[in-house]
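As structure tokens, the structure follows; a few thoughts come after it.
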Amino acid sequence: MISPETKRQYLRRIEVFLNFIDIEGLTIQEKLYNLCHKAKSNTQWLHDSLIEFITFQKERIGKGKGKMSASTVSNYIKPIKLFCDMNNIVINWKIITKGMSKMQKILLINIETKNPIIFIICHLLY
């Protein structure tokens with residue numbers, strides 16, 4: 001069972017994604033319905049949209065008022081993945097999450113260390 005707080009956060013985070021990709025609809029239910037139909041007819045569009053969304057979220061890491069940590073990016077992906085899984089929308093999550101994990105590690109190292117040599121070595125390792 002998912003707690004009420006988790007449900008609230010999942011809805012809020014998936015709505016951020018829906019607004020990012022400009023899915024039409026007045027309510028979140030309508031937007032999810034439209035996303036489901038569009039994604040089933042064009043999974044490449046959804047894949048590209050996810051990559052674009054993750055890239056946007058990664059750019060927010062450690063910047064300004066809306067800053068967030070690198071681990072928060074994956075919290076935005078979890079409800080989208082659950083939605084896709086529950087609606088039989090086939091996405092190659094290994095490609096998406098593998099690239100995300102690599103970049104998260106690089107960004108975390110870059111933020112946490114001021115030493116450019118350590119950053120370069122870690123970048124080459126990952």
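Things to note:
- Every residue from segment 1-23 that is without any contact (Cβ under 8 Å) to a residue 12 or more places away in the chain and in a helix (DSSP H, G or I): Pro4, Glu5, Thr6, Lys7, Arg8, Arg12, Asn19
- Extreme residue, surrounded by the most Cβ atoms within 10 Å (Cβ to Cβ), among residues of segment 1-33 that are over 16 Å from the mean Cα position of the chain (by Cα) and among the charged types (D, E, K, R): Lys31
- In the set (1) at pLDDT below 90; (2) outside any helix (DSSP H, G or I), the condition left unmet by Leu26 is number (1).
The values are calculated or read from the model by the stated rules, or taken from the named source; none is laboratory data. Predicted model, so just to flag it, every value in this text is computed and none were measured. Backbone-built Cβ (ideal geometry, glycine too); neighbour counts: all protein chains shown.
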